[in-house]
1. Is there any pair linking a residue in segment 45-70 that is within 19 Å of residue 82 (Cα to Cα) to one that is surrounded by fewer than 11 Cβ atoms within 10 Å (Cβ to Cβ), with Cβ under 8 Å and at least six apart or on different chains, and which?
2. Are any residues in segment 8-25 under 14 Å from the mean Cα position of the chain (by Cα) and surrounded by 16 or more Cβ atoms within 10 Å (Cβ to Cβ), and if so, which ones?
3. Select from segment 40-69 the residues that are farther than 30 Å from residue 174 by Cα and among the polar types (S, T, N, Q) and write down the one among them that is surrounded by the fewest Cβ atoms within 10 Å (Cβ to Cβ).
4. Would you be able to tell me the number of residues in segment 143-162 that are within 13 Å of residue 121 (Cβ to Cβ) and either of a type in the set (Val, Ile, Thr) or not in a loop (DSSP other than H, G, I, E, B) (or both)?
5. Name the residue that is surrounded by the most Cβ atoms within 10 Å (Cβ to Cβ), counting only residues in segment 77-124 that are among the hydrophobic types (A, V, I, L, M, F, W, C) and more than 13 Å from residue 3 (Cβ to Cβ).
6. From the set of residues in segment 168-211 that are small (Gly, Ala, Ser) and assigned to a helix (DSSP H, G or I), which is nearest to residue 112 (Cα to Cα)?
7. I'm told residue 80 meets every condition in (1) assigned to a strand (DSSP E or B); (2) among the hydrophobic types (A, V, I, L, M, F, W, C); (3) closer than 20 Å to residue 165 by Cβ except one. Can you identify the failing condition by its number?
8. Can you find, within segment 134-181, the residue that is surrounded by the fewest Cβ atoms within 10 Å (Cβ to Cβ) among those that are in contact with a strand residue (DSSP E or B) (Cβ under 9 Å, 6 or more places away or on another chain) and more than 30 Å from residue 27 (Cβ to Cβ)?
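Read-outs: derived from the displayed coordinates by stated rules, not from any lab. Because the structure is predicted, anything quoted here is derived from the model rather than measured. All Cβ positions, glycine included, derive from the backbone under ideal geometry; neighbour counts span all protein chains shown.
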Amino acid sequence: MKALLGKKLGMTQVFGDGDRLIPVTVVEVGPCVVTQVKTEENDGYSAIQIGYGDIEERKVVKPLQGHFAKAKVAPKRYLAEIKTDKPTEYKPGDTITAEIFSAGDKADIVGVSKGKGFQGVMKRHGFRGGPGGHGSHFHRAPGSIGAAAFPSRVMKGRRMAGHMGSDRVTSINLEIVKVDPEQNIILIKGAVPGAKGSLIMIKESSKKKAK
């Protein structure tokens, strides 16, 4: 599977075929460095570990310092594992750049959604709410949340007010509009999860692979 770690820079728009305006998300990906190769014989599964983002060595815990030293690579801020059927094609220290993707490819984007704090049921779950006027005293409250005498408790899974956002979200099968290997920039059609500057992973579309 092709995959890279990167940073969301924001959104803009570009002109496509027939002067069609396309909204795109600008993502700075890589370059990512292979920090470990895992094989069926040694680890029980096949994968590679990639690192992204520089960090000062003094800010890295001692076990990870040894991990990076063994791979003979500079310390990286973020690490992620990518499953692959051919791990022997890689070795620690190899660099993976935006060149592995091309315009027209389909990709899945993984990120952490924007945090929205504590929200009520109307914003969090889309409840309709009560009447807006005519003497009603029921507007944005959740209403009844369970039975009375039996079972005398609120059942698990009841949709109520609570913390919203800051969840791991995957947007699937998005189109890559443009790839700029020189600047490590990828333009992805539409919006992707996360705030500006947040970490994201772009990987080969699972739908495409399933076919």
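1. 46/40; 46/85; 46/86
2. 8, 25
3. 42
4. Number satisfying all stated conditions: 2.
5. So, considering only residues that are among the hydrophobic types (A, V, I, L, M, F, W, C) and more than 13 Å from residue 3 (Cβ to Cβ), the one surrounded by the most Cβ atoms within 10 Å (Cβ to Cβ) is 121.
6. Restricting to residues being small (Gly, Ala, Ser) and assigned to a helix (DSSP H, G or I), the top hit is 206.
7. (3)
8. Across segment 134-181, the extreme among qualifying residues is 162.
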